Every structure is written in structure tokens, then in C-alpha cells.
Amino acid sequence: MAKTAQQPVLVIMGVSGSGKSTVAGVLAGRLGWDLAEGDDLHPEANVAKMQAGHALSDEDRWPWLDIIADWIKERTAAGKPGIITCSALKKRYRDVLRGEGVVFVFLQGSKDKISDRLASRHGHFMPASLLESQFDALEAPTEDENHISLCVSASPAEEAEEIIERLGLEAQPAHTTGDAA
């Protein structure tokens with residue numbers, strides 16, 4: 001994983017339930033960077049399809065990936081860092097998103113671990129019944145992709161700290177409370 005001259009745009013990727021949104025939120029807070037939730041960028045038809053228990057096809061995903069790619073390009077063109085969540089399950093999807101200054105952060109875990117996480121999640125449009133299709137579609141990043149992989153066994157805060165350390169990013173100082181001396 002090569003460092004980039006400018007602060008990168010991080011694409012937090014993995015199957016549904018891997019902790020993308022939670023880890024991205026912690027990271028954005030620690031770094032003070034813009035954050036976009038990829039799921040919020042899905043067209044309504046995609047959301048309805050997933051809510052009905054149907055996996056998205058590649059044709060369903062392309063317009064969504066274009067929206068995410070535009071968000072990334074806005075930041076990289078301006079030299080601004082950012083964090084966006086996106087399952088980015090297949091290499092050809094990541095090919096749409098990648099570019100100079102983009103780093104994929106692959107949150108990976110066993111099917112059992114992710115299934116347990118999904119079972120405790122409420123209020124998300126992606127039903128646990130689609131997890132199998134996500135694992136079936138998953139193509140782990142390869143050596144030619146600018147990425148790091150992280151096993152989802154720690155707390156989101158610990159995972160965020162590991163990402164910051166491994167990428168050599170500068171976190172904002174932690175806010176302290178209490179009386180000044």
C-alpha cells in the first residue's frame with residue numbers, strides 16, 4: 001500500500017454488515033473529513049428491490065457507482081480528503097471508483113461473524129437474507145488495487161485507529177473535558 005502525497009479518499013468496502021458505516025463514522029470524526037454514506041446514494045428503485053429481498057444486478061449498480069465515483073472525483077480534484085462507504089464487491093465496480101488518491105479499506109470477516117452482526121442490526125433496508133449473495137459476489141481486492149484489508153474482530157474505534165496507523169493519517173487531537181490547570 002503506497003502512501004499518496006495528498007490525503008486520500010477512503011472507500012470503506014465490504015459485504016453488508018461488515019461495519020462500513022460505523023467504522024467510517026468513527027474515522028470521519030477522528031480525522032475531521034467529509035463522510036458520505038453510499039447506501040444513501042442508491043436510487044429508490046435499488047432500495048425497493050433490496051427491501052423486497054432481491055439482489056441487485058450489475059445493471060442496477062452502475063448508476064449508483066457513477067454517483068459514488070462523482071463524489072470521489074470531486075474531492076480528489078479539489079485535493080480534499082474524504083470517506084465514503086460502498087460495498088464495492090467486485091473488481092469491476094472498484095475500477096469505476098479507483099483513481100489517484102483513492103484507497104480501498106476492505107473490512108472482511110467470516111460469514112458467521114457478519115451474519116451475527118446483521119441479526120442484531122435494525123432499521124436497514126438490506127435484509128440478512130441477501131448476505132449469501134453478497135459473499136457470492138465478493139472479489140477481494142488484489143495486489144494491483146490500492147487497498148488495505150482489515151479483519152472485523154475488534155471494536156469500530158480500534159478498527160478506525162488501525163486504519164489511521166496503517167495509512168499514516170493524522171487524526172485530530174482528542175477533545176478533553178475537565179478543568180484546565
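FYI, it's all coordinate maths here, none of it is from the lab. Only a predicted model underlies this, so the values are computations on that prediction, with no experimental measurement involved. So basically every Cβ, Gly included, is an ideal-geometry build from the backbone, and we count neighbours across all protein chains shown.
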Sorted by chain and number, the residues with a modelled amide H under 5 Å from that of VAL9, at a separation of 5 or more or across chains, are GLY82, VAL102, VAL103
Note to self, the chain gives a 222 nm [θ] from helices alone (DSSP H runs n ≥ 4, -39500 (n - 2.57) apiece, / all residues, nearest 500) of -12500 deg cm²/dmol
The set of residues whose placed amide H lies less than 5 Å from the amide H of LEU35, leaving out same-chain residues fewer than 5 positions away, is ILE83
Answer in debye to the nearest 20: the dipole magnitude of the chain about its Cα centre, from +1 Lys/Arg and -1 Asp/Glu charges placed on Cβ, is 60 debye
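Counting other beta carbons within 10 Å of each Cβ, put THR85, THR142, THR76 in order, fewest first.
Ranking THR85, THR142, THR76 by Cβ neighbours within 10 Å, fewest first, gives THR142, THR76, THR85.
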Under a Gaussian network model of the chain whose springs join Cα atoms within less than 10 Å, the largest fluctuation of SER87, SER155, SER115 belongs to SER155
Filtered hits (aspartates and glutamates, Cα-Cα < 15 Å from LYS73, offset >= 8 within chain) -> ASP34, ASP95, GLU100
Taking Cα atoms only, helix 58-78 is inclined relative to the longest principal axis of the chain by an angle, in degrees rounded to 10, of 20 degrees
For LYS80, the lysines lying under 25 Å Cα to Cα, once residues fewer than eight places off in the same chain are dropped, come out as LYS3, LYS20, LYS91
